[in-house]
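Working notes, structure below.
The values are calculated or read from the model by the stated rules, or taken from the named source; none is laboratory data. The shown structure was predicted, so the numbers you read here are calculated from the model rather than taken from an experiment. We place every Cβ from the backbone using ideal geometry, glycine too, and count neighbours over all the protein chains shown.
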Amino acid sequence: MMIRQAIEMTGNIFLVNIGVNSSHSAKSPIFSDRTFELLPIPENSSVVSDSSRTYADLPAYNAEYSELTHFLPKNWENKHCHNDPDLESFTYGDNCDRVPKAFGLRSVKEGDFLFFLARLEYYKADLFTGIAGFYLVGYLVIESVYKSLYQKPSADVLSIIEKNAHVQRALDNSIFWDGFWVFRGSPQSQRLKFAVPFTLEFASQVLRQANGSPWVASFKRSALQVIGSYTRTARCVINIDTDTGIAASNAWWRMVSEYT
């Protein structure tokens, strides 16, 4: 799959770590051809609503497996999940007003890119192999941002974002109009067919910490632990308005194009 040619790659790049991770018993599989399935995190039991989806409700994208439940641990099939981002309706919701790890998304604007990073583990012969890595799995080309939703929006807005998990539970119970934000991607957004390896080597060369210094490896932690630490907070990782931003953006898109 080629990156959609119509994209003008001139926006800032934000990175959000999504999906199940090493703290969960479930794992998202990646296959030998770099196709993959993405398992979202479990839904918090305190916010489960009538419209909350279970893992059994989610489609599988790999033709070899008809159901996502094939990869689930026992007793997870009917567990409710927080299916966000929704890479079919191209929306992502977060509590940017009150959750510190989402504060960095407040500066997202039209034309920026919201990339999604996930921990995937190689799956072979119906078994997880224990070989895991971080991969880019999709992105939104931001078309609109709906901020601080404390009440049901207009019908026009609702028709655009109604499939998002935050919106769905708020429609079920108005108490959940709690100021969340929803980011809507244009039709140029996509769930990648082939996962793009996201290595510490690449990140150290191209990305910068919030204080402007490069990402650094650690002798005390694995590369996965370092990447997980740096991406715990969603934020802008490439600002094209800085001295190094254009070069970093070009390197980023070269990497994505190379693998897709």
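Condition check: in contact (Cβ under 8 Å) with a residue 40 or more places away in the chain and either among the aliphatic types (A, V, I, L, M) or in contact with a Pro (Cβ under 6 Å, 6 or more places away or on another chain) (or both). Does Val137 satisfy that? Before you say what the answer is, go through the steps one by one.
Details: in contact (Cβ under 8 Å) with a residue 40 or more places away in the chain: yes; either among the aliphatic types (A, V, I, L, M) or in contact with a Pro (Cβ under 6 Å, 6 or more places away or on another chain) (or both): yes.
So Val137 passes the test.
Quick one: would you say Asp94 is in contact (Cβ under 8 Å) with a residue 24 or more places away in the chain, in contact with a Pro (Cβ under 8 Å, 6 or more places away or on another chain), surrounded by 18 or more Cβ atoms within 10 Å (Cβ to Cβ) and closer than 30 Å to Met255 by Cα?
Working: in contact (Cβ under 8 Å) with a residue 24 or more places away in the chain: yes; in contact with a Pro (Cβ under 8 Å, 6 or more places away or on another chain): no; surrounded by 18 or more Cβ atoms within 10 Å (Cβ to Cβ): yes; closer than 30 Å to Met255 by Cα: yes.
Judged against the criteria, Asp94 is not a match.
I need a count of the residues in the range 35-50 that are touching a helix residue (DSSP H, G or I) at 6+ places or on another chain (Cβ under 7 Å) and either on the phi > 0 side of the Ramachandran plot or surrounded by fewer than 18 Cβ atoms within 10 Å (Cβ to Cβ) (or both).
Residues in the range 35-50 being touching a helix residue (DSSP H, G or I) at 6+ places or on another chain (Cβ under 7 Å) and either on the phi > 0 side of the Ramachandran plot or surrounded by fewer than 18 Cβ atoms within 10 Å (Cβ to Cβ) (or both): 2 in total.
Read through the list (1) touching a Gly at 6+ places or on another chain (Cβ under 6 Å); (2) surrounded by 15 or more Cβ atoms within 10 Å (Cβ to Cβ); (3) not charged (D, E, K, R), then give the number of the only condition that Tyr230 fails.
Going through (1) touching a Gly at 6+ places or on another chain (Cβ under 6 Å); (2) surrounded by 15 or more Cβ atoms within 10 Å (Cβ to Cβ); (3) not charged (D, E, K, R) one by one, Tyr230 breaks only (1).
Is at least one residue of the range 12-35 modelled with pLDDT under 95 and in contact with an Asp or Glu (Cβ under 7 Å, 6 or more places away or on another chain)?
No, the conditions are met nowhere in the range 12-35.
Within the range 113-144, take every residue that is surrounded by fewer than 18 Cβ atoms within 10 Å (Cβ to Cβ) and β-branched (Val, Ile, Thr) and give me the one that is farthest from Tyr230 (Cα to Cα).
Thr129
Scan the range 193-239 for residues that are basic (Lys, Arg) and either within 13 Å of Asn17 (Cβ to Cβ) or assigned to a helix (DSSP H, G or I) (or both) and jot them down. Show your work before the answer.
Let us first name the residues in the range 193-239 that are basic (Lys, Arg), namely 193, 208, 220-221, 232, 235.
Residues satisfying the conditions are Arg232, Arg235.
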